[in-house]
Each structure stands twice: as structure tokens, then as C-alpha cells.
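The values are calculated or read from the model by the stated rules, or taken from the named source; none is laboratory data. Keep in mind it's a predicted model, so treat the numbers as computed, not measured. With ideal geometry, Cβ positions are generated from the backbone for all residues, glycine too; neighbour counts draw on all protein chains shown. All accessible areas refer to the heavy atoms of the entire protein, side chains included, with ligands and DNA or RNA removed. Shrake-Rupley method; radii C 1.70, N 1.55, O 1.52, S 1.80 Å.
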Amino acid sequence: SINCTDVASYDGSVFNSARKDTRNIVMTIRFENGLGYDVEELRHNIYKYFPVKQKLKMEVVSDKRTSYTYGYVEDVNIDQFSRNEFAQISIICPDPFFYSEKNIVTTFHGVEDLFEFPFSNESLTEDLIEFGRIRNEVMRTIYYDGDSDVGIRINIHFLGIVRNITIFNTTKREILKIDTEKIKTYTGKEISAGDEILLSTLKGAKSIYLLREGVYINILNCLDKNAVWFQLSKGDNVFVYTAEYGVDDINFTVEHQIAYEGV
């Protein structure tokens with residue numbers, strides 16, 4: 001939807017804003033006898049697999065990629081009195097984008113997993129296979145190749161006492177600060193070994209939690225009032241993190257998916 005305002009003094013209009021509407025996926029399926037099923041059985045299965053009002057996941061596998069989206073069944077229309085019986089299924093997807101099946105994890109400080117199956121070591125004298133690599137970086141570039149901006153999940157694992165964390169998106173000059181003094185006041189204990197902060201900037205699911213001793217604590221009020229909920233844009237996105245104290249005791253990872261406009 002493109003929103004514009006007409007202006008009396010010249011031709012055309014002025015652009016105000018744009019938004020992408022919900023996605024409506026409509027499938028038409030014809031029933032045929034075979035494989036041990038008759039048409040009536042297939043019709044009954046349609047009601048079972050596509051229950052009206054219920055949420056479902058649609059996964060599309062192509063030669064180049066696998067992507068998925070979630071939707072709700074709006075309607076199932078079946079013409080059971082025609083010679084070629086078929087069903088028309090309408091699915092409404094509140095989020096209009098498809099997403100990559102796998103999450104992409106970028107490790108700043110911590111152990112980067114490298115070992116995958118299948119594997120083969122082609123040498124008996126050289127170490128060719130890396131099971132993992134220890135990274136010790138506070139700045140990394142995340143390359144994003146999606147069709148639309150997408151949120152990220154940041155996981156901060158603490159190995160010791162850490163105070164006042166600041167995260168920068170230098171590409172967009174955005175800053176997000178976490179006030180650990182407020183966390184100490186709110187929870188009665190400062191950030192220490194074993195704690196984790198889980199930050200999500202996904203649209204519709206923005207949150208920040210402290211995971212301590214198996215309990216999730218909402219620490220939204222511990223964010224700086226000018227904090228920006230980071231979004232990845234197409235191309236290079238450079239992130240940097242720092243802390244007033246204990247920056248070496250932080251394991252920092254960023255996780256994201258790729259958003260596609262279509263399959």
C-alpha cells in the first residue's frame with residue numbers, strides 16, 4: 001500500500017509512506033483416485049490437514065533454496081458435485097515474507113562451530129578438519145542478502161562480572177545500551193558468570209530477557225531510553241560491542257534469518 005497526498009499547486013502527489021499488506025495464498029487442488037485413496041477419502045483429509053482458523057507452516061522447497069512462512073486457514077471450498085472434484089484453500093499470512101529455513105549465526109567472542117557431517121580427512125599427517133575455532137573479536141561484519149530488512153537475535157553469555165554494555169551498528173550509526181546498574185537494582189545481583197542476556201529485535205517479537213539460574217527475567221526497563229532495535233539491511237552491516245568493565249568476559253553471538261519477498 002502506497003500512501004500519497006494530493007497537492008493543489010502541481011501535478012501528481014507527495015509520497016507519505018508505504019507498507020506491505022498481508023499475504024493471501026490460494027491453492028486449488030484436484031482430487032484423483034489412486035495410491036489406495038478414493039476421492040471421498042482425499043476430501044476428508046483436506047479438512048484434517050487444513051482446519052479453518054488454525055495456524056499452519058508452509059514450507060517451499062526449490063532447487064536454489066528452502067523457505068517457509070506461517071499462515072491461518074481462512075476458508076476451504078470444495079465442489080464435491082462436479083465431474084472433476086477440487087478444493088480451493090485460502091490461507092492468510094500476517095507476515096508477508098518467506099524466511100530461510102536455517103538461522104545464520106555470527107560469533108564475535110566465543111567458539112565458532114565448524115564441524116559438520118559428512119566429513120573426510122584427506123591426509124594422515126596434516127590436521128585438515130576444524131571442529132571449532134575460538135574467536136576473540138568485538139567487531140564483525142554481517143553480510144545480509146535478503147529482500148527486506150530483518151531483525152536479529154543477540155545472545156550475550158557472561159563469564160564474569162560485566163558492567164554497562166553498549167552495542168553499535170556502525171553502518172547506520174545506531175546505539176543500544178544496557179544499564180547493568182539497573183539490572184543489579186532490579187534483580188538484587190550484578191551481572192556475573194553464568195548469566196545470559198537474550199535480545200530479540202524481530203518485528204512483532206521484540207524483547208530482552210536476563211536468563212539467570214534457569215529463570216527468565218524481563219529487563220526491558222534496563223535499556224537506555226534512546227536504544228534502537230537493530231535491523232539488518234541488504235549488504236554489509238558492521239556491529240561493535242563494548243563494556244565499561246569485563247569486556248573479555250563476554251561471549252557475543254548474533255543470529256538472523258533471511259527474508260524473501262517470494263519463492
(request) Mind scanning LYS177/LYS206; LYS64/LYS102; LYS20/LYS172; LYS55/LYS234; LYS64/LYS203; LYS172/LYS234 and naming the pairs with a C-alpha gap bigger than 19 Å? (result) LYS20/LYS172; LYS55/LYS234; LYS64/LYS203
(request) Could you run the Karplus curve 6.51 cos²θ - 1.76 cosθ + 1.60 with θ = phi - 60° over region 138-147 and give me ³J(HN,Hα) per residue in whole Hz, x for Gly and Pro? (result) 9, 9, 8, 9, 9, 8, 10, 10, x, 8
(request) Starting at the first residue of region 217-226, write each ³J(HN,Hα) from the Karplus equation 6.51 cos²θ - 1.76 cosθ + 1.60 with θ = phi - 60°, in whole Hz, x for Gly and Pro. (result) 10, 6, 10, 4, 6, 8, 7, 4, 5, 9
(request) Once you've got the GNM for the chain with C-alpha springs shorter than 10 Å, pick whichever of LYS64, LYS234, LYS225 has the biggest mean-square fluctuation. (result) LYS64
(message) Just to confirm a number: summing +1 for Lys and Arg and -1 for Asp and Glu over residues other than TYR72 whose beta-carbon lies under 14 angstrom from that of TYR72, what do you get?
(response) +1
(message) Could you compute the net charge surrounding GLN88? Neighbours are other residues with a C-beta less than 15 Å from the C-beta of GLN88; K and R count +1, D and E count -1.
(response) -2
(message) Quick check for me: using +1 on Lys/Arg Cβ and -1 on Asp/Glu Cβ, what's the dipole size of region 25-88 about its Cα centre, in debye to the nearest 20?
(response) 340 debye
(request) Along Cα→Cβ, 7 Å out, is where each label goes; now give me the distance between the ones at MET58 and VAL14 in nm to one decimal. (result) 3.9 nm
(request) Quantify, in whole percent, the carbon and sulfur part of the accessible surface of region 184-263 (1.4 Å probe; protein heavy atoms only). (result) 49 percent
(message) Quick check: the angle from helix 39-49's long axis to the longest principal axis of the chain, C-alpha only, nearest 10 degrees?
(response) 30 degrees
(request) Using all C-alpha to C-alpha distances in region 27-92, build P(r) with 5 Å bins and read off the rounded percent in each one. (result) 4, 15, 23, 20, 17, 15, 5, 1
(message) Run the paramagnetic zone check for GLU74: 7 angstrom along Cα to Cβ, then residues of region 1-40 with backbone nitrogen under 17 Å.
(response) 1, 20-29
(message) Ordering VAL60, VAL105 by accessible area with a probe of 1.4 Å, largest first, what comes out?
(response) VAL105, VAL60
(request) Quick one: net charge around VAL39, please, counting Lys, Arg +1 and Asp, Glu -1 for every other residue with C-beta under 14 Å from its C-beta. (result) -3
(request) Calculate the length of the line joining the C-alpha centroid of region 213-247 to that of region 4-72, in whole Å. (result) 34 Å
(request) Divide by every residue of the chain the summed helix terms, -39500 (n - 2.57) for each DSSP H run of at least 4, and state the resulting mean residue ellipticity at 222 nm, rounded to the nearest 500 deg cm²/dmol. (result) -2000 deg cm²/dmol
(request) Please work out how much accessible surface MET139 shows to a 1.4 Å probe, ignoring ligands, DNA and RNA, in Å² rounded to 10. (result) 110 Å²
(request) Report LEU202's accessible area, 1.4 Å probe, all protein chains in place, as a number in Å² to the nearest 10. (result) 40 Å²
(message) Can you tell me, using C-alpha contacts under 8 Å and at least 6 residues apart, the relative contact order of region 60-101 as a whole percent?
(response) 45 percent
(request) Whenever you get a sec, line up ARG140, ARG153, ARG83, ARG30 from highest to lowest accessible area (probe 1.4 Å, protein heavy atoms). (result) ARG83, ARG30, ARG153, ARG140
(request) Beta carbons within 10 angstrom, averaged per residue: use that to sort the peptides 252-259, 65-72, 164-171, 203-210, highest first. (result) 252-259, 164-171, 65-72, 203-210
(request) Work out the FRET efficiency for ASP147 and CYS4 from their Cβ-Cβ distance, taking R0 = 25 Å, and round it to the nearest 0.05. (result) 0.60
(request) Check cross-link reach from LYS53 to the lysines: straight Cα distance under 19 Å, and skip same-chain residues fewer than eight apart. (result) none
